[in-house]
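Okay, so here's the structure we're looking at.
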Amino acid sequence: MIPIRNTAEIAKMRAAGKALIEVFETVEPLVKPGITTLEINAEIEKKIISLGATAPCKGYCGYPAAACISVDDVVVHGIPSLKVLTEGEIVSIDIVLKLNGYHADATRTYAVGRISPEKQRLIDVTKRCFYNGVEKIRAGARLGDLQHAIQMTAELAGYGVVRAMTGHGIGREMHEDPSIENYGRAGTGPILREGMCLAVEPMITMGDWNVEISRLDGWTCRTTDGLPAAHYENTVLVTANGAEILTE
């Protein structure tokens with residue numbers, strides 16, 4: 001069952017989203033050649049705590065960090081480490097925070113210094129996938145409408161759409177119903193209702209959409225062909241007239 005939030009809950013979701021925006025404002029200037037992903041994670045956790053929030057990713061099913069930081073061919077769930085960011089890489093930073101019992105979730109993919117035009121286009125199209133999908137959100141629409149829009153945007157640009165990972169509902173829990181695939185048929189799936197909260201997160205690859213999970217850490221998800229991936233995510237509220245993006 002997909003939860004529908006009342007007015008008081010929506011106010012708390014908005015507050016959590018606003019706090020997460022502040023975290024990303026702290027993160028963006030940090031992304032430059034020479035910094036480690038572990039250092040970025042430490043600053044993220046420090047900022048979350050300063051806002052009176054918590055980082056629910058830390059300890060979730062054994063995950064060891066406050067954020068997921070994924071470089072180049074890592075699609076999602078990159079574990080922060082002593083890995084030093086270098087010129088020309090792209091890095092996706094996925095952050096969840098919990099404030100007053102409610103969650104907000106967002107991801108941005110950043111350029112590390114100067115990047116190739118091909119990588120920049122991947123970032124731009126991934127962001128466009130998100131917006132084209134979110135344009136389909138309104139009370140009475142079908143979940144498949146936004147999934148189909150994401151898929152078409154990516155594939156018409158020549159990119160792959162990751163199947164193994166999905167978006168999700170969000171609220172009191174980090175992951176709630178529904179599971180939101182980034183591919184599908186328009187006019188199918190659950191009907192969206194006013195008050196639903198969704199974490200919409202296109203994960204788009206420069207090459208093939210197949211991925212593999214690291215056997216060493218059980219988390220790191222990479223493209224099987226070694227080509228880069230980008231990720232763009234926001235927490236979104238379904239309204240009668242469209243979507244309200246809570247983390248932007």
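The values are calculated or read from the model by the stated rules, or taken from the named source; none is laboratory data. Keep in mind that this is a model prediction, so the values were computed, not measured. Note that we place each Cβ from the backbone using ideal geometry, even for glycine, and neighbour counts take in every protein chain shown. Each accessible area value is taken on the protein alone, full model and side chains, heavy atoms only, with ligands, DNA and RNA left out. Shrake-Rupley method; radii C 1.70, N 1.55, O 1.52, S 1.80 Å.
A few remarks follow.
- Check on S214, surrounded by fewer than 15 Cβ atoms within 10 Å (Cβ to Cβ), closer than 19 Å to D105 by Cβ and at pLDDT 95 or above: no
- Pairs where the first residue, in the range 194-222, is within 18 Å of I93 (Cα to Cα) and acidic (D, E) and the second is open to solvent by less than 60 Å² (accessible area, probe 1.4 Å) and part of a loop (DSSP other than H, G, I, E, B), C-beta under 9 Å, 6+ apart: E201/M165; E201/T166; E201/N182; E201/Y232
- When the range 221-248 is filtered for residues that are in a loop (DSSP other than H, G, I, E, B) and either of a type in the set (G, A, S) or over 16 Å from G171 (Cβ atoms) (or both), the ones remaining, listed by number, are T224, D225, G226, L227, P228, Y232, A240, N241, G242, E248.
- Strands (runs of 3 or more DSSP E) contained in the range 1-100 and holding at least 3 residues touching a Leu at 6+ places or on another chain (Cβ under 9 Å): 90-99
- Contacts under 8 angstrom Cβ, first residue in the range 78-102 being over 29 Å from R14 (Cβ atoms) and without any contact (Cβ under 8 Å) to a residue 24 or more places away in the chain, partner polar (S, T, N, Q) and not in a strand (DSSP E or B), 6 or more apart: none
- Within the range 217-242, tally of residues that are within 21 Å of V23 (Cβ to Cβ) and surrounded by 23 or more Cβ atoms within 10 Å (Cβ to Cβ): 7
- Subset of the range 138-156 (residues that are of a type in the set (A, V, I, L, M) and either crowded, with 20+ Cβ neighbours inside 10 Å or not in a helix (DSSP H, G or I) (or both)): A139, A141, L143, L146, A149, I150, A154
- Yes/no for E176 being charged (D, E, K, R) and either buried (at least 17 other Cβ atoms within 10 Å of the Cβ) or within 19 Å of the chain's Cα centre (by Cα) (or both): yes
- Among residues of the range 196-220 being under 13 Å from H231 (Cβ atoms) and outside any loop (DSSP other than H, G, I, E, B), the one that is farthest from the chain's Cα centre (by Cα) is V211.
- Residue in the range 27-68 that is surrounded by the fewest Cβ atoms within 10 Å (Cβ to Cβ), counting only those that are basic (K, R) and within 25 Å of K12 (Cβ to Cβ): K46
- Residue count, the range 77-93 (criterion: open to solvent by 20 Å² or more (accessible area, probe 1.4 Å), farther than 13 Å from K32 by Cβ and of a type outside the set (K, R)): 4
- Odd one out for M1 among (1) modelled with pLDDT under 95; (2) within 19 Å of the chain's Cα centre (by Cα): (2)
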